[in-house]
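Take a look at the structure below.
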Amino acid sequence: MTNSSCLVGPVVCARLRALARRSEGRSAPNIEYKGIVLDPASHQVTFNDEKIELSQKEFEILSFLMSNIGKVVSRSRLEESLYSWDSDVESNTVEVHIHYLRKKLDPALIRTVRGVGYIIDNEDE
């Protein structure tokens, strides 16, 4: 099913795709980009066919960024997705997790957009 074949709207199309994945036994599709395969169902990441151990927060940040390839994601948006409202978040927590992701994966994968946030550049651009 493609987006162009669904005339009833993107929300209904997304819901139908999710139902189809569940019927196949997968709750979410793998996200693949530049040798990285992120499997949301098993919380596993491989890079060039080698399993990479990530903390829960590193996995969540990578998943969020890979779901928004080509879009700048602000640090505050990442913090909102990682922590509950009543959590105390240190000022550099996201930066530390980004640092570890760069060390474990490709240092050039996640680019800092100064004063704005982080981006995984779209290789087509």
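We did not get these values from a lab; they are worked out from the coordinates using the rules stated. Predicted model, so just to flag it, every value in this text is computed and none were measured. So basically every Cβ, Gly included, is an ideal-geometry build from the backbone, and we count neighbours across all protein chains shown.
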Legend entry - Loop trypsin sites (Lys or Arg not before Pro), the range 31-108, which have at most 15 other Cβ atoms in a 10 Å radius of their Cβ (DSSP): LYS34, LYS71
Inset, instruction - Return the long-range amide H neighbours of ILE52 (sequence gap of 5 or more, or a different chain), with a cut-off of under 5 Å between placed amide H atoms. - result: VAL45, THR46, PHE47
